[in-house]
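Some notes on the structure that comes next.
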Amino acid sequence: MTAVKIVVDHAKCTGLGICESIAEDVFEVTDDGSLNLLAQDICPSRRAEMQEVIDSCPTEALTLVD
Ligand code: SF4
């Protein structure tokens, strides 16, 4: 199985941290409010969880790439 990746549109992200609250091992909002991706290659078994994160982002800043 191929890893999935998350792409962040930093122009849309407002740093609210909802993504971090769902998967803190993948998403980290820094003190200055920007988003860091802590994992580049995410196990495909977590695809549904990542889709939940994407659906929960209020600014639609996240995209899943297979
Ligand atoms: S939930 Fe969306 S807007 Fe909020 S920090 Fe994550 S990517 Fe940015």
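Quick notes on this structure:
- MET1 more than 7 Å from the ligand (Cβ to nearest atom), aliphatic (A, V, I, L, M) and more than 9 Å from the chain's Cα centre (by Cα): yes
- Among the residues of the range 14-40, the ones that are out of contact with any strand residue (DSSP E or B) (no Cβ under 7 Å at 6 or more places or on another chain), more than 17 Å from ALA3 (Cα to Cα) and not hydroxyl-bearing (Ser, Thr, Tyr) come to 7 in all.
- Subset tally (residues that are within 18 Å of THR2 (Cα to Cα) and either near the ligand (Cβ under 9 Å from one of its atoms) or surrounded by 12 or more Cβ atoms within 10 Å (Cβ to Cβ) (or both)) for the range 41-66: 10
- Considering (1) surrounded by 15 or more Cβ atoms within 10 Å (Cβ to Cβ); (2) of a type in the set (A, V, I, L, M); (3) in contact with an Asp or Glu (Cβ under 6 Å, 6 or more places away or on another chain), the lone condition that LEU38 does not fulfil carries the number (1).
- Answer from ALA3, ALA11 - the residue that is in contact with a Cys (Cβ under 7 Å, 6 or more places away or on another chain) and of a type in the set (A, V, I, L, M): ALA3
- Filtered residue count, the range 4-32, keeping only those that are within 8 Å of the ligand (Cβ to nearest atom) and either modelled with pLDDT under 95 or aliphatic (A, V, I, L, M) (or both): 4
The values are calculated or read from the model by the stated rules, or taken from the named source; none is laboratory data. Source: prediction; values computed, not measured. Neighbour counts are summed over all protein chains in view; Cβ atoms, including those assigned to glycine, are modelled from backbone coordinates with ideal geometry.
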